[in-house]
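The values are calculated or read from the model by the stated rules, or taken from the named source; none is laboratory data. These figures come from a predicted structure and were not determined experimentally. Note that we place each Cβ from the backbone using ideal geometry, even for glycine, and neighbour counts take in every protein chain shown. Note: areas computed on protein heavy atoms with side chains; ligands, DNA, RNA excluded. Shrake-Rupley method; radii C 1.70, N 1.55, O 1.52, S 1.80 Å.
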Amino acid sequence: MAEQYVAAVDQGTNSSRCILFDRRGRLVSVAQREHRQLFPRPGWVEHDAEEIWRNVARVVPAAIRQIGAAPSQVVAIGITNQRETSLLWDRRTGRPIGHAVVWQDTRTDRLVTELAGDDGADRFADLCGLPLTTYFSAPRIKWMLDHTPGLRQRAERGEILFGTMESWLIWNFTGGANGGLHATDVTNASRTMLMNIETLEWDDRLLEAFDVPRAILPEIRPSSGVFATATEVLPGVRIGAALGDQQAALFGQTCFSAGEAKCTYGTGSFLLLHTGQEIVRSKHGMLTTVAYQIGDQPASYALEGSMAVTGSLVQWFRDGLGMIHTAAEIETLARTVEDNGGAYIVPAFSGLFAPHWRSEARGVIAGLTGYITKGHLARAVLEATGFQTLEVVDAMNADSGIALTALKVDGGMTANNLLMQFLADLLDVRVVRPMVTETVSLGAAYAAGLAVGYWPDLEGLRSNWHRAGQWMPHMDPARRATEYANWQAAVQRTFNWIRTEDQEL
Amino acid sequence: MPGTVQSIERAAAVLRLLAAAPDGLGVADLGNALGLAKTTVHGILRTLHQVGFVEQDRSGAHYHLSDAFGRLGESYLDPNELRSRAINWADSLASRSGEVVRVGRLVEGKVEVVHHVFRPDDSDQDLDVGTTLPPHATALGKAVLAYDTSARPRTLEAYTTRTITDPVKLGEELATVRSRGWATEFEEHTVELGSIAAPIRGLGGLVVGAVGLTGRIERICDSRLRHRADLVTMVRATADAIARDLRDDT
C-alpha cells in the first residue's frame, strides 16, 4: 500500500505553506508562497485574502508533487493560521469585503481606549480571558462594520460572513459560495474577544459590547474533529483540524499535560503554558486562552505570554537598516563582538505586549555610546528576544506558582545558536529544541491525523517527540542580574511616548 | 577548438562598467553602453544579482557591484545561512536514520561543524556546533575535500589505525568520492563509529559544505561491513534537498 500522509496548511503572517508529514511525524515535503504585506497608512497592516487562497491552492498540490505522491495518499488536512487577523466576505459571491486586517494593525487604537472607558482594559477579561488591545479581532470587526457604508445593515441581514484565516480557508476548501462551510475552532474563537472562555460559545454580552451581529459569526467547533470533506484543491480529503498557530505549536511540541510549556520564535514569539482543564486568570499580564479541544472531550486551556516583535526586529535590522543581507547573517555579525557593549534595543514598535501591555510605548535604543558598533547592535537585536522571554517567564512563574525548569523552543529563530545559548544563560534553564522545528504545522497535522484515526492517541504522538538540540546555562548570576536590570531600565524609557494629544490627530 | 561563451563576455562587460561607476548604473545605461537590448541586460543583471556579484539600490533603479564581489576568495555562503537552510532537512535525516547528523564546511583546512542534530534517542548529548573535525579522517571532511583541491591538509594525522595517512591513498579515496558523489568513514576518526556524507552544492554547482550521519558501525554498515545503501540514499537526498533550498532564493 502506498505511504499515507497528513497535509498541514499553515496560513502565516508572511506566507502560506503546505507541509506533508508521515506516520512517524517526520517532515516529508514543504511548499511555500509569500503574500504581500499591505501598509495603506502608518500603523495599518492588511492582507489580500484572495491572494492568500490562491497561494494555498498552489502550495498544497506543489507539496504533494514534490515527493511524487498522489492526492489520494493524503488522509487529512490540518489547518493552522495567523491568529486574530480578521476578514469579512460576501456570503453570496464569496468575495472579500476589502482586505483582511492583520493582527499587527493598530487602527483600532482609539476605539479600544473608548471601549475600555473608566473600567479599564480588563473590562471583558472575566468573560473572554483577554485584555482590550488592538491585537484581538472584536474591535477590528466593529471598525470594519462602522467604516464601510451600508455594511452593518447587510451584516444584520445575514449577507456578510466574518472569519479569521482558518474560517476563510475552510469555507474555500468546501466550495466557497457554493455551499462552503462557515466554521471556526475554539482556539481561534478564543482570540476574538467574542467567545465566552467557559461556555466556549459566542457571548451575547460581548457581541453587544462590540456591536457585532451574531449572523456574521462562524460555528465554533472543536480543534480536532472532522469539519467537512474538501471539494476544492484536494477533493474528497477530510479537513480534520483547525488551530491557531501558537496553539498548534503547543500541540506539535506534545505539551498535552498541565505544566508543560513551549515558546515559538517567529515574527513575534509566544510562550504557552498548558494549564489543563483549569482556567487560570493571570495577575501578571498573561492571556487566558484555549489550548485545544479534541472532539467532544473537555477543552484544555493555556496561559500565553505574547511578544509582538522578535523575529521582525531581525527583519527590520535587515530591511530597514540594511545592516545584513539575510536574517541568518545577524549571528555572524553578532559574533564579531563579545557582548552588547552596553546597548539595549527595546522593540516597542507598536507598543509592548506581555507582560506590560502598553500601547503608548515606542521603541528605544538605550545605552548608546561612541563605542557601539553594528556588531553590538546585532547582539542587542538578538538579546531583545531573550529579555522579552525572561519577562514573560517571570510573569508566568508568578501566575502559576511553579518555576519553569526547561524551555521547549521551536520556530525559525531556533536556528540561531547565539540566541538559544543566550536564552539558556538568561533564563538559567535548559533550552531544548525538538527534532521537528516546524511544530506549528506538525501540531495541525497531529490534530487532523487524530481526528481521522491516522494516529490513535496522544501517547502515540508523544513517542514521536525527540530532542534534537539542547543548550545549557553558563552565565554568571551577577552578570545575569545586571543585564536584566539594564534591560528593565531601558523598558521604562519606552513608556508614555505616544501622548493622548498625538492620538487625537 | 571550443568557442567562447557570449553571455559570459557580456556579463564581464557589465561588471567592468559597474566597477567604473561608483553611483551605479541603470538597465538603460548599460544597454546603451553595450548596444544590447534591455531584456538582455536585465537577464544578465538578474543572474549576477542571484550569484551575489551585483546589488540593487533601494529604489531598484540602479545596480552596483556588491562588497562580496571584491572578496571572491572568501566563502560566499554565510555559515548561519547554511544552518538555517539545512535545519529542516537535517532534522528529517536524523529522524529517519536514527543517527547523529552534522552539517559542516571547510574553514582553513578543517571541517567546521555548522549544525548538529542529536541522535533521536533522548540520551544525553552535547551540541558541538562551532567545533572542528579533521577533514581526512571524516566522511563529512572527505565530502568537501574532494571538491576543493586547494585545501588538502599537509600532514595527515592518525586518529585510529584506520585513518588514511598516505596522501596518495587519500587522493584515490577523494577520486572515489567524486565519482560516486558521496563519502564514507569506517573507524577512521573514532573506533566503532562509521559515517556517510554527501556534498551540498550551491549555485553553479559550487560545493558549500556537506551533510552526513554518524553512528555505530553495526548500524551504519550491513553484515558485510559495507555502508548501508538505504542510508546512502537518505544522505544524498538530504544534501539535494538542502541544495534545492539554497538555489531557490538566495
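If I ask for residues that are open to solvent by 20 Å² or more (accessible area, probe 1.4 Å) and farther than 17 Å from A:L243 by Cβ, which ones from segment A:297-315 would you list? Before you say what the answer is, go through the steps one by one.
Let us first name the residues in segment A:297-315 that are open to solvent by 20 Å² or more (accessible area, probe 1.4 Å), namely A:297-298, A:312, A:315.
Listed by number, the residues that qualify are A:S312, A:Q315.
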Would you be able to say whether some residue in segment A:351-364 is under 30 Å from B:G52 (Cβ atoms), open to solvent by 40 Å² or more (accessible area, probe 1.4 Å) and part of a loop (DSSP other than H, G, I, E, B)? no
Can you name the residue in segment A:5-30 that is surrounded by fewer than 16 Cβ atoms within 10 Å (Cβ to Cβ) and over 20 Å from B:R85 (Cβ atoms) and, of all such residues, is farthest from the other protein chains (Cβ to nearest Cβ)? A:R23
Would it be correct to say that B:A68 is in a loop (DSSP other than H, G, I, E, B) and not polar (S, T, N, Q)? no
Flag if A:A380 is touching a residue at least 60 places away in the same chain (Cβ under 8 Å) and either assigned to a helix (DSSP H, G or I) or surrounded by fewer than 24 Cβ atoms within 10 Å (Cβ to Cβ) (or both): no
Specify the residue that is farthest from the chain's Cα centre (by Cα); the eligible residues are those in segment B:96-117 that are within 15 Å of A:A415 (Cβ to Cβ) and open to solvent by less than 20 Å² (accessible area, probe 1.4 Å). B:V117
Can you find a residue that is buried (at least 20 other Cβ atoms within 10 Å of the Cβ), touching a Gly at 6+ places or on another chain (Cβ under 6 Å) and in the same structural domain as B:L82 (by the TED database) anywhere in segment B:137-154? yes
Failed condition for A:R54, given (1) more than 14 Å from chain B (Cβ to nearest Cβ); (2) in contact (Cβ under 8 Å) with a residue 12 or more places away in the chain; (3) more than 21 Å from A:V309 (Cβ to Cβ), with all others met? (2)
Being modelled with pLDDT of 90 or more and among the aliphatic types (A, V, I, L, M) is the filter here; which residues of segment A:372-406 pass it? A:I372, A:L377, A:A378, A:A380, A:V381, A:L382, A:A384, A:L390, A:V392, A:V393, A:A395
Boolean, B:G70 is surrounded by fewer than 18 Cβ atoms within 10 Å (Cβ to Cβ) and over 30 Å from B:L17 (Cα atoms): no
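So is B:E157 crowded, with 23+ Cβ neighbours inside 10 Å, acidic (D, E) and more than 23 Å from B:T238 (Cα to Cα) or not? Before the answer, list the steps.
Values: crowded, with 23+ Cβ neighbours inside 10 Å: no; acidic (D, E): yes; more than 23 Å from B:T238 (Cα to Cα): yes.
Spelling it out, it is not the case that B:E157 is crowded, with 23+ Cβ neighbours inside 10 Å, acidic (D, E) and more than 23 Å from B:T238 (Cα to Cα).
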Yes or no: segment A:184-195 includes at least one residue that is more than 21 Å from A:I79 (Cβ to Cβ) and either buried (at least 24 other Cβ atoms within 10 Å of the Cβ) or without any contact (Cβ under 8 Å) to a residue 24 or more places away in the chain (or both). yes
Which numbered condition trips up A:S441, out of (1) surrounded by 12 or more Cβ atoms within 10 Å (Cβ to Cβ); (2) outside any helix (DSSP H, G or I)? (2)
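Take segment A:229-267 and flag every residue that is assigned to a strand (DSSP E or B) and open to solvent by less than 30 Å² (accessible area, probe 1.4 Å).
Looking only at segment A:229-267, we keep the residues that are assigned to a strand (DSSP E or B), and these are A:229, A:238-244, A:261-265.
Those that are assigned to a strand (DSSP E or B) and open to solvent by less than 30 Å² (accessible area, probe 1.4 Å): A:I239, A:G240, A:A241, A:A242, A:L243, A:G244, A:A261, A:K262, A:C263, A:T264, A:Y265.
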Restricting segment A:103-145 to residues that are of a type in the set (A, V, I, L, M), crowded, with 21+ Cβ neighbours inside 10 Å and in a loop (DSSP other than H, G, I, E, B), which is farthest from the chain's Cα centre (by Cα)? A:L132
Check segment A:47-62 and report whether any residue there is within 23 Å of B:A237 (Cβ to Cβ), in a loop (DSSP other than H, G, I, E, B) and open to solvent by 10 Å² or more (accessible area, probe 1.4 Å). no
Those residues of segment B:161-193 which are under 20 Å from the mean Cα position of the chain (by Cα), open to solvent by 30 Å² or more (accessible area, probe 1.4 Å) and among the hydroxyl-bearing types (S, T, Y), in sequence order: B:T176, B:S179
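Going residue by residue through segment B:213-229, is there one that turns out to be assigned to a strand (DSSP E or B), within 18 Å of B:I87 (Cα to Cα) and touching a residue at least 40 places away in the same chain (Cβ under 8 Å)?
So in segment B:213-229, the residues assigned to a strand (DSSP E or B) come out as B:213-216, B:221, B:227.
Going one step further and asking which of them are within 18 Å of B:I87 (Cα to Cα), we end up with B:213-214.
Checking the rest, the ones that are also touching a residue at least 40 places away in the same chain (Cβ under 8 Å) come to B:213-214.
Checked segment B:213-229: at least one residue is assigned to a strand (DSSP E or B), within 18 Å of B:I87 (Cα to Cα) and touching a residue at least 40 places away in the same chain (Cβ under 8 Å).
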(1) in contact (Cβ under 8 Å) with a residue 12 or more places away in the chain; (2) assigned to a helix (DSSP H, G or I): which one isn't true of B:S84, the others all being true? (1)
Filtering segment A:31-45 down to residues that are more than 30 Å from A:G68 (Cα to Cα), of a type outside the set (A, V, I, L, M, F, W, C), over 18 Å from the mean Cα position of the chain (by Cα) and surrounded by 12 or more Cβ atoms within 10 Å (Cβ to Cβ) yields A:G43
Residues located in segment B:194-212, provided they are touching a residue at least 24 places away in the same chain (Cβ under 8 Å) and surrounded by fewer than 19 Cβ atoms within 10 Å (Cβ to Cβ): B:L203, B:G204, B:L206
Identify, by number, the condition in (1) at positive phi; (2) in contact (Cβ under 8 Å) with a residue 60 or more places away in the chain; (3) surrounded by fewer than 21 Cβ atoms within 10 Å (Cβ to Cβ) that A:A209 doesn't meet. (1)
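Among the listed residues B:L145, B:L93, B:L127, B:L133, identify the single one that is out of contact with any Phe, Trp or Tyr (no Cβ under 9 Å at 6 or more places or on another chain), aliphatic (A, V, I, L, M) and within 13 Å of chain A (Cβ to nearest Cβ).
Details: B:L145 fails: within 13 Å of chain A (Cβ to nearest Cβ); B:L127 fails: out of contact with any Phe, Trp or Tyr (no Cβ under 9 Å at 6 or more places or on another chain); B:L133 fails: within 13 Å of chain A (Cβ to nearest Cβ).
Sole residue among the options that is out of contact with any Phe, Trp or Tyr (no Cβ under 9 Å at 6 or more places or on another chain), aliphatic (A, V, I, L, M) and within 13 Å of chain A (Cβ to nearest Cβ): B:L93.
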